[in-house]
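One structure below.
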Amino acid sequence: MQDINSFIKIGVDDTDSPYGMCTTYVMHKIIQSIEENGGKLYGFPNLVRLNPSCPYKTRGNAALSAAFIVEAGNESKYLDIATDMVFKLSEISHPKTNPAVLMLKGELVPMDIVEFSRNAVKRILNIESALNFMKKYDINGVAINGSRGLVGAMAALGYDFPSGYTYEIIAYRSENMWGKPRVIDRESVIKMDAQTQNCTFDNYDYYNDEIKIAPHTPCPVLVGIRSIDYKCLKIALKSLKFDESIVGYRIYKTNQATDDHIIPITYIEQIEPYTSITIEVKVKSLPSTEKGGHTFLYAEKNGKELRLAAYEPTKQFRNIIMQLRPGDKIRVYGSYNPKEGEPKTLNLEKIEILEIAQYGKFFNPVCPACGHRMKSEGKEKGYQCPKCKYRMTGSKELKFENRVISIGMYEVPSRARRHLSKPFYLTVKKN
Ligand SMILES: [Zn+2]
């Protein structure tokens, strides 16, 4: 007997540009259209954040997939629906927007595609592998403006949340509001945050007084609320107050806040360009804040050096970095995007202070006659008091600094956190 139902998965990537659109919205509309045409959404659609260090990414580097139960024999109709929607909504006029849509038939995802997907969150992958999978497994679809989007669409199809998962409910604005300022009642966000605090996260940056649930781009998204469980999300959304009505919302299963982009390594030589890593190192230099408010320091491991950076947007996190001293043992998390003429630099997301070193500074001796700090007369020439002119030989005084930092985890404030970066206080669900 022939099966009357068939299982398909649609993957979409790269429909947005800095000037508009959002791939989650494209997927939201694809789901609506497929359901209007007799298909049935199966489970939550997946919102997969790909490698945040990817130089080709448009914004949040999100790829989407959704599974459907459809009428057997009619699968291509649903791919056409998805393709039409991608053509209709994508920012095709932007040359860097390379939208792609793919359809995988059947419930089982081949293991090599799963591996490919796990890698797409961590590294830069080539288009050829995606094209090979299309041939090998009869995956149909289209790519527009070049085939780069196929990598993300394929990754969305195969992603299996190896580091756990979270959820996000995204509410969309009516089209006439796209690009207009979002008016969101601040008090209602803070209240919602308090009422759902064991479920939602990253709603508000209290250190910098910033609403975190609304994007700043001219896209169709009004707000997105992140959570570790989906059950609190609809109530959370309903409790918010806006100056406009939403035209729809959807809950996505995501890899946000899972640290899935982080590759654990042991040696500095193992850091590859355009990846995010974690490594244990020893602080080598004193930190310094340079032009533009960026804070830097050098660390080392087995004689190799690594520069650590806390850039200006990380705000208060820079104060933590300024407290580090040579000899401190730390575990760092961050990404490496090579820049010409710059030493190998890790853009820090968070650090764990493992051991605090005793750090001392040498000072000139204090004048035994009047108590003023003396001045050196030059190498091996002794000291003279600038006040009473008393002279003496002697050695510098070593004073240990009173370290004000404690062992533990420190991260960038919510406003500077990457989608994939896991807040240290959060425990996410695993498969
Ligand atoms: Zn003196």
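Below is a table of values for the structure above.
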| item | result |
| --- | --- |
| Distance from the stretch 24-89 to the stretch 106-126 (C-alpha centre basis), Å | 17 |
| Integer Hz, Karplus 6.51/-1.76/1.60 couplings in order for the stretch 413-429, x for Gly and Pro | x, 3, 4, 9, 6, 7, 3, 7, 6, 8, x, 5, 7, 8, 10, 9, 6 |
| For the stretch 139-195 versus the stretch 312-354, the gap between their alpha-carbon centres in whole angstrom | 29 |
| Cleavage-rule hits, GluC sites (Glu not before Pro), the stretch 260-340, DSSP coil, Cβ neighbours within 10 Å at most 11 | GLU340 |
| In the stretch 191-230, trypsin sites (Lys or Arg not before Pro) in a DSSP loop with at most 14 other beta-carbon atoms within 10 Å | none |
| Nearest 10 degrees, 0 to 90: helix 75-89 Cα axis against the chain principal axis | 50 |
| Highest average packing first - 107-116, 14-23, 30-39, 256-265, Cβ atoms within 10 Å | 14-23, 256-265, 30-39, 107-116 |
| The chain - mean residue ellipticity at 222 nm from DSSP helices (-39,500 (n - 2.57) per run, n ≥ 4, rounded to 500) | -5500 deg cm²/dmol |
| For the chain: rounded, prolate or oblate by the Cα gyration tensor [a/c cutoff 1.5] | prolate |
| Ranked list, fewest to most other Cβ atoms within 10 Å of each Cβ, for ARG307, ARG418 | ARG307, ARG418 |
| Protection proxy ranking of 393-403, 375-385 - average other beta-carbon atoms within 10 Å, highest first | 375-385, 393-403 |
| Positive-end residue of GLY248, PHE201, LEU237, charge dipole of the stretch 166-254 with Cβ unit charges | GLY248 |
| Estimated dipole of the chain in Debye, rounded to 20 [Cβ of Lys and Arg +1, of Asp and Glu -1, Cα centre] | 2140 |
| Angle in degrees between helix 149-158 and the longest Cα principal axis of the chain, rounded to the nearest 10 | 80 |
| Cα-based reach from LYS304 at 14 Å (exclusive), listing aspartates and glutamates while leaving out same-chain residues under 8 positions away | GLU269, GLU280 |
| Cα centroid separation - the stretch 356-421 against the stretch 196-257, whole Å | 47 |
| Rounded if a/c under 1.5, otherwise prolate or oblate - the stretch 166-254, Cα gyration tensor axes | oblate |
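Read the figures in this text as sums done on the coordinates, not as results from a lab. These numbers were taken from a predicted model, which means no experiment stands behind them. Here the Cβ is made from the backbone with ideal geometry for all residues, glycine too, and neighbour counts use every protein chain on show.
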